[in-house]
Amino acid sequence: MNAFYEQLDDNRFAASEHSRGPWDANAQHGGPPSALLGRAVESRPGERPGFRLARMTFEISRPVPIAELVVSTRVLKSGRSAELVEAELAQPGGDPLLRARALLVRVAEQPQPAIADPTVLPGPDQAEPKPFFPVAYEVGYHNAMEWRFVSGAFQEPGPATCWLRMRMPLVAGEQPSPLVRVLIAADSGNGVSTVLDWRTHTFINPDLTVHLHRYPVGEWVCLDARTTVDAGGIGLADTALHDEKGVIGRGAQSLLVTAR
C-alpha cells in the first residue's frame, strides 16, 4: 500500500509500514497518527462551515502500533465563535493511545488587518537532502517523507531548518488537506533539532501542540526548530512552522530526556 493508512470503514483504519517510526519496528512515528486525528476533526459529521483550526494539542499515552486503529471525535463545546473538539485514536476495544483537543475559530466574514511575520526562509529548491540518522529498517516514516535542510542536519546537534513533503497520501486514494500536510510534519521538530547525541540519550515527547494562524499553501512545510534541555531532563522543542510564503504558526513539544 503506497499510503500511510488504508480506510476500512467510516472510523477504522489499517496502518501501513510507511507510518513506522525510527526507534521501534512495531510502532508509528508521531506524525501520521497526529495527521489522522486532524483529518478526523476537519471531516467529522456536523463540521461547521466557516470555522478553521487554530490550535490542536496531542497527548500521547503510549506508542501507537502499526495495526488496525479506530478514530472517534466528539464536540466538547460549541459556541458562536469557537468550538472545542476532542479526537481519540485507539485499537479496537482498547483505551486511547493518542488523544487530541482541537480549537476551531470562526473565520471573519470581512477581511481584517493582516499583520504577518516578515520572515521568509530559503525555499525547498534552495535546500539540500541530507542523510537520516541510521535506521535498522528501510521502510518507514523516515523515507515516506522528503527532507531538505536549509541549515543543520539530523547528525549535526543543534537548531535546524528543514523542509518536509509527503511522498504519498495519508489515506490511500485521498488527496492530503493542508492541515494534514502540516500535522504530519510538525511532530518532527524534536527530531531535526536534537542537541544531544542519539547514541547516548533518548528524547521522548509525550505531547505536541500546534498553533496555526493560517494553513500552508503547497506541498512543502518547513520546520525552523530548536531544542533546549534543563539539567533535570525536561526539555522543549520549539518550532516555527512555515510554507513558501512565510510563517504559518508554531509547534511545541515537551521532552523527557534520559541517558540510554
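The values are calculated or read from the model by the stated rules, or taken from the named source; none is laboratory data. Computed from a prediction, not measured in an experiment: that's the story for all the values here. Note that we place each Cβ from the backbone using ideal geometry, even for glycine, and neighbour counts take in every protein chain shown.
For the reader, a short list of remarks on this structure follows.
- Listed by position, the strands (runs of 3 or more DSSP E) enclosed by region 125-212 that each have at least 2 residues that are more than 19 Å from residue 30 (Cβ to Cβ) and more than 19 Å from the chain's Cα centre (by Cα) are 145-153, 156-166.
- Listed by first and then second residue, the pairs with beta-carbon distance under 6 Å, at least 6 apart or on different chains, first residue in region 208-219 and more than 19 Å from residue 190 (Cβ to Cβ), second outside any strand (DSSP E or B) and among the charged types (D, E, K, R), are 216/181; 217/245; 218/244.
- Close pairs (8 angstrom Cβ cut-off, 6 or more residues apart or separate chains): of a type in the set (Lys, Arg) in region 228-257, surrounded by fewer than 19 Cβ atoms within 10 Å (Cβ to Cβ) anywhere: 245/120; 245/217; 250/211; 250/238
- Tabulated pairs, region 182-201, first at pLDDT below 90, second basic (Lys, Arg), C-beta under 8 angstrom, 6+ apart or interchain: 199/260; 200/260; 201/260
- Taking first residues from region 72-92 that are within 16 Å of residue 40 (Cβ to Cβ) and part of a strand (DSSP E or B) and partners that are of a type in the set (Gly, Ala, Ser) and at pLDDT below 95, the Cβ contacts under 8 Å between residues at least 6 apart in sequence or on separate chains come to 75/46; 84/78.
- Matching residues in region 4-19 - criterion: being outside any helix (DSSP H, G or I), surrounded by 15 or more Cβ atoms within 10 Å (Cβ to Cβ) and not hydrophobic (A, V, I, L, M, F, W, C): 5, 6, 7, 16
- Pairs where the first residue, in region 14-30, is under 15 Å from residue 198 (Cβ atoms) and of a type in the set (D, E, K, R) and the second is at pLDDT below 95 and in a loop (DSSP other than H, G, I, E, B), C-beta under 8 Å, 6+ apart: 24/63
- Test for residue 104: is it among the aliphatic types (A, V, I, L, M), part of a strand (DSSP E or B) and over 19 Å from residue 246 (Cβ atoms): yes
- Positions within region 20-68 being of a type in the set (Asp, Glu), assigned to a loop (DSSP other than H, G, I, E, B) and closer than 24 Å to residue 83 by Cβ, in sequence order: 47
- Tally of residues being more than 20 Å from residue 254 (Cβ to Cβ), hydroxyl-bearing (Ser, Thr, Tyr), under 21 Å from the mean Cα position of the chain (by Cα) and surrounded by fewer than 18 Cβ atoms within 10 Å (Cβ to Cβ) across region 47-100: 1
- Restricting region 215-260 to residues that are modelled with pLDDT of 95 or more and among the acidic types (Asp, Glu), the residue that is nearest to residue 150 (Cα to Cα): 224
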